[in-house]
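Input: a single structure, listed below in structure tokens.
The values are calculated or read from the model by the stated rules, or taken from the named source; none is laboratory data. Worth saying up front: this structure is predicted, and the values here are computed from it rather than measured. All Cβ positions, glycine included, derive from the backbone under ideal geometry; neighbour counts span all protein chains shown.
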Amino acid sequence: MTVHNLYIFDRNGSCLYYNEWNRKKQAGISKEEEFKLMYGMLFSIRSFVSKMSPLDMKEGFLSFQTSRYRLHYYETPSGLRFVMNTDLSVSNARETLQHIYSNLYVEYIVKNPVCDSTHSLDSELFSSRLDAFIRALPYYSPRAA
Amino acid sequence: MNSYCTRMTVHNLYIFDRNGSCLYYNEWNRKKQAGISKEEEFKLMYGMLFSIRSFVSKMSPLDMKEGFLSFQTSRYRLHYYETPSGLRFVMNTDLSVSNARETLQHIYSNLYVEYIVKNPVCDSTHSLDSELFSSRLDAFIRALPYYSPRAA
């Protein structure tokens, strides 16, 4: 079981944070292009999902899965977007992402007068706490898939 | 976390050929229309899935095997199955259905192949026009363990 990587985007599409824990294959494009593709694609998926919905939507797009991984999506009311790729054994990472938002992002970025949350998240404390949190997850395993 | 006691159901099914033409569409339980014409809807569905598959493969942190299988929202799940010949089955169900792959494989092997491909009168490159196919498919969907008539 494992977490592959995590992206945090603001509502304008800028990637504020990215880290990977277990990624065996790179995208073959620059990180900047990858972030744009990720944000743009999720924006389109959410729009499509809502239009094609056979029922009235509540929350909207939550996750997709492939034969190898699952992508989890969480958006805060302020438009901050958390995107996490895990292996297939993780069916619901919503609480994990909510925790990352409330207990890590809000605590170490928002409440930090020195940190400018509109730019790249530059806090070592945030990075290390997030890293520790991910590695402590029940579904994180260092020598993974 | 909400846990509604929703009835299980299949909302609708699309079948596309490898060029993007929608060969078949039917709905069983759809409460909300897309607000665009069916033709536009089919194009959007096919185009979006094409893009999702391309994106999913590029962003994959691991080497892909099969590729995109499904996505879920807070209200429904979309299942995707592509045959080796490029025929694409897309089915929307409610959230209680986690894996519809076998269902879609059955629809392909036992309904599409049997009633369309093996039918000399049916032209499988155009809209699937077989009443037998339609009725057998309809009966199959309604007989699914997760299909319930008065649903979600």
Within the stretch B:1-27, how many residues turn out to be modelled with pLDDT of 90 or more and either among the hydrophobic types (A, V, I, L, M, F, W, C) or closer than 23 Å to B:Ile141 by Cα (or both)? 16
Within the stretch A:28-39, identify whether any single residue is over 30 Å from B:Asp94 (Cα atoms), buried (at least 16 other Cβ atoms within 10 Å of the Cβ), within 9 Å of another protein chain (Cβ to nearest Cβ) and modelled with pLDDT of 95 or more, and answer yes or no. yes
Report yes if A:Ser53 is at the interface with chain B (Cβ under 7 Å from one of its Cβ atoms), free of Cβ contacts under 8 Å to residues at least 60 places away in the same chain and within 20 Å of A:Tyr17 (Cβ to Cβ), otherwise no. no
For the stretch A:32-52, indicate whether the set of residues that are among the aliphatic types (A, V, I, L, M), under 26 Å from B:Lys32 (Cβ atoms) and in contact with an Asp or Glu (Cβ under 8 Å, 6 or more places away or on another chain) is non-empty. yes
In the stretch B:13-30, how many are under 20 Å from B:Tyr76 (Cα atoms) and assigned to a loop (DSSP other than H, G, I, E, B)? 3
Can you tell me which of (1) at pLDDT 95 or above; (2) surrounded by fewer than 22 Cβ atoms within 10 Å (Cβ to Cβ) is the one B:Gly86 doesn't meet? (1)
A:Leu6 passes all but one of (1) surrounded by fewer than 21 Cβ atoms within 10 Å (Cβ to Cβ); (2) more than 8 Å from chain B (Cβ to nearest Cβ); (3) in contact with a strand residue (DSSP E or B) (Cβ under 9 Å, 6 or more places away or on another chain); (4) of a type outside the set (S, T, N, Q); which number fails? (1)
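Yes/no per residue for (1) out of contact with any Lys or Arg (no Cβ under 9 Å at 6 or more places or on another chain); (2) more than 7 Å from chain A (Cβ to nearest Cβ); (3) surrounded by fewer than 17 Cβ atoms within 10 Å (Cβ to Cβ):
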position: B:Gly20; (1), (2), (3): no, yes, yes
position: B:Met59; (1), (2), (3): yes, no, no
position: B:Asp63; (1), (2), (3): no, no, yes
position: B:Gly67; (1), (2), (3): no, no, yes
Output the number of residues of the stretch B:35-51 satisfying the condition of being under 18 Å from A:Phe43 (Cα atoms) and more than 15 Å from the chain's Cα centre (by Cα). 1
